[in-house]
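The values are calculated or read from the model by the stated rules, or taken from the named source; none is laboratory data. From a predicted model like this one, the values you see are computed outputs, not experimental measurements. Here the Cβ is made from the backbone with ideal geometry for all residues, glycine too, and neighbour counts use every protein chain on show. These area figures cover heavy atoms from the full protein model, side chains too; ligands, DNA and RNA do not enter into them. Shrake-Rupley method; radii C 1.70, N 1.55, O 1.52, S 1.80 Å.
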Amino acid sequence: MRVLFATSEAYPLIKTGGLADVSGALPKALSQLKATDGAVDIKIVMPAYSAVLAKLKHAKTITDIQVLGEACSLIVGKMPDENTEREIEVIAIKNAALYERAGGPYSDEHGVDWLDNALRFGVLSRVASLLCSQHSPLQNWQPDLIQCNDWQTGLAPAYMKLIDNSNVKSIFSIHNLAFQGCFDASWVEKLGLPEAHFDINGFEYFDQLSFLKAGLFYADQLCTVSPNYAHEIQTEKFGFGLQGLLKTRSKELTGILNGIDTEEWNPGTDVHLPKNYSDARITGKKAVKHALQQQLGLQINADAPLLGVVSRLTHQKGLDLLPEIMPKLIKNGCQFAILGSGDKVLEAQFNDFAERYPTQVSMSTGYHEHLSHNIMAGSDMFIMPSRFEPCGLNQLYGLAYGTPPVVSLTGGLADSVCDTNELSLKNNLATGFVVKNVSATSLLVTIERAIDLWKNKKTWRQIQKNGMQANIGWNSRAVDYLALYEKTLTEN
Ligand code: ADP
């Protein structure tokens, strides 16, 4: 089966969040499926940001094309991988003015969205659709199916149906419904979309052009990153206004929990850690905690519970609840290792705690892959009280690293973390701690409950073991995706 995977970011080429992790790991896992499960020949299509051009291996330009009035080159290269035999092919769309800019994929250095994002991701969607058409610039390779990911690729299914008359089947995958790619109606014409479909039964959303809605409306099948989130987004609370459309398509909506790349995120082999450890030999985790405390200027104290946070700092993540309860936790001897950026008020609040309690609170802003691995491994527990969470990857990393997560009962968090109580402990199912309501009080109570158990070394060891032994790699998930691909090819 030939699959085109359209995405705006893919680790290790470029990453701002979980989408990149999935785009890096899922194609790899699919291409490695045993022939008995079904062989998948998969290529990624994405923008050629500067970071992508710098990291892509064996890159060569294959053709120059005009897309939506923009002169682009298609570059084919390989995703860097230690095992060269399984390097995934990437088709990168090069247009220096659109994609080679200082700043991030979606916004400038100050976090302000690029004004021409409609064009930048319109071009990505248009190229993805062309690759699925009779006029594909790739002569020797036509996909059977395309998987589009998030709003940045949402117009591809629309172009495929309305312009290219493509026979290729499409799946639109929702990684976060909160980001909808809504733009002024004037973009409809500029992006070459038929005005007649700027309608409730089309890509119109409250008088704007919505890339996300286009994907949800025109794709043959829909999928999202956890079974629970697939249900939640059909409700008013989590549907961001799209619950009606999602409900009408509920038969075509599948939830598959994300996995983790166990080569990147494995405490036994993680190259970022000063010492590796595993479920069978967990003592190395103490050395990582020691080194982390030292590196961050925290008091070196094995007996102080160290709480880790690695996150975008946005309302979604619920971390604005922390400042209210930190004074009590600090008074009781807790330490915090926080890495995150986003909300400037929250950043300032955490910085203020770090200044006042330098031996107990560390706050790092910016994006640091190395530090994120060390916080994950060196902390005793991981804090993630999200208000909504399509899947969440950090709680999965917490499970794998023997750092039980403290999470809210939503989306993929509810699907992946089993609360610790008498019964779950007895059945060796307990893997973390679930906050009942997303409130400061509830979060405090849950963290205190976790710390009490952390002091009981034997019970804690069992909770760590349950998480570390859980099946959270991509292998079995890839089989689920393959089943979805097969369903899409046969039913649509
Ligand atoms: P989301 O995609 O909503 O941001 P996820 O939990 O799905 O949340 O994935 C977040 C990914 O981004 C994880 O791999 C996490 O470790 C990483 N991450 C988030 N913020 C930072 C940061 N400041 N530095 C390094 N990695 C980060």
Relative contact order of the range 139-198 (C-alpha contacts under 8 Å, at least 6 apart) in percent is 37 percent
Of the candidates 16, 214, 381, the farthest towards the positive dipole end of the chain (Lys/Arg Cβ +1, Asp/Glu Cβ -1, centred on the Cα centre) is 381
Interchain or sequence-distant (5+) residues whose placed amide H lies within less than 5 Å of the amide H of residue 313 are 341, 342, 343
Nearest 10, in degrees from 0 to 90: the angle of helix 369-378 to the longest Cα principal axis of the chain is 40 degrees
Longest principal axis of the chain (C-alpha) makes with the long axis of helix 117-131 (C-alpha) an angle, in degrees to the nearest 10, of 60 degrees
With the 1.4 Å probe rolled over protein heavy atoms, the chain has an accessible area per residue in Å² of 40 Å²
Reduced to Cα centres, the span from the range 315-380 to the range 39-100 in Å works out to 37 Å
Any lysines whose Cα falls less than 24 Å from that of residue 247, other than same-chain ones fewer than 8 residues away, would be 161, 169, 213, 237, 487
Diffing the range 290-301: the Karplus 3J(HN,Hα) column from phi (6.51, -1.76, 1.60, θ = phi - 60°), in whole Hz with x for Gly and Pro, holds 4, 5, 5, 4, 5, 4, 8, x, 7, 4, 7, 8
Relative contact order of the chain (C-alpha contacts under 8 Å, at least 6 apart) in percent is 12 percent
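Could you check what % of the DSSP bridge pairs in the range 284-468 are antiparallel, to the nearest 5? Before the final figure, lay out the partial values.
Values: 0 of 21 bridges.
For the range 284-468, the DSSP antiparallel bridge percentage is about 0.
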Using alpha carbon centers only, the range 137-169 is separated from the range 381-459 by a whole-angstrom value of 40 Å
Counting sequence-distant residues (5 or more places) and residues on other chains, those with an amide H built under 5 Å from that of residue 67 are 72
The lysines whose Cα lies under 20 Å from the Cα of residue 458, excluding any fewer than 8 residues away in the same chain, are 285, 286, 289, 426
Calc'd 3J(HN,Hα), the range 10-26, phi into Karplus 6.51 cos²θ - 1.76 cosθ + 1.60 (θ = phi - 60°), Hz, glycine/Pro = x, comes to 8, 6, x, 6, 7, 8, 10, x, x, 4, 5, 4, 5, 5, x, 8, 5
Checked the range 51-136 with the C-alpha gyration tensor, a ≥ b ≥ c its square-rooted eigenvalues, rounded below a/c of 1.5, otherwise prolate if a/b is larger than b/c and oblate if not; verdict oblate
HN-Hα couplings for the range 389-399 via Karplus (6.51, -1.76, 1.60; θ = phi - 60°), in whole Hz with x for Gly/Pro, come out as 7, x, 9, x, 10, 4, 5, 5, 4, x, 4
Counting only protein heavy atoms with a 1.4 Å probe and every protein chain in place, the carbon and sulfur fraction of the accessible surface of the chain in whole percent equals 51 percent
As straight-line cross-link partners of residue 60, the qualifying lysines (C-alpha separation under 23 Å, not fewer than 8 residues apart within one chain) are 15, 28, 43, 78, 94
Listed by chain and number, the residues whose amide H is under 5 Å from that of residue 381, excluding neighbours fewer than 5 places away on the same chain and using placed H, are 306, 308
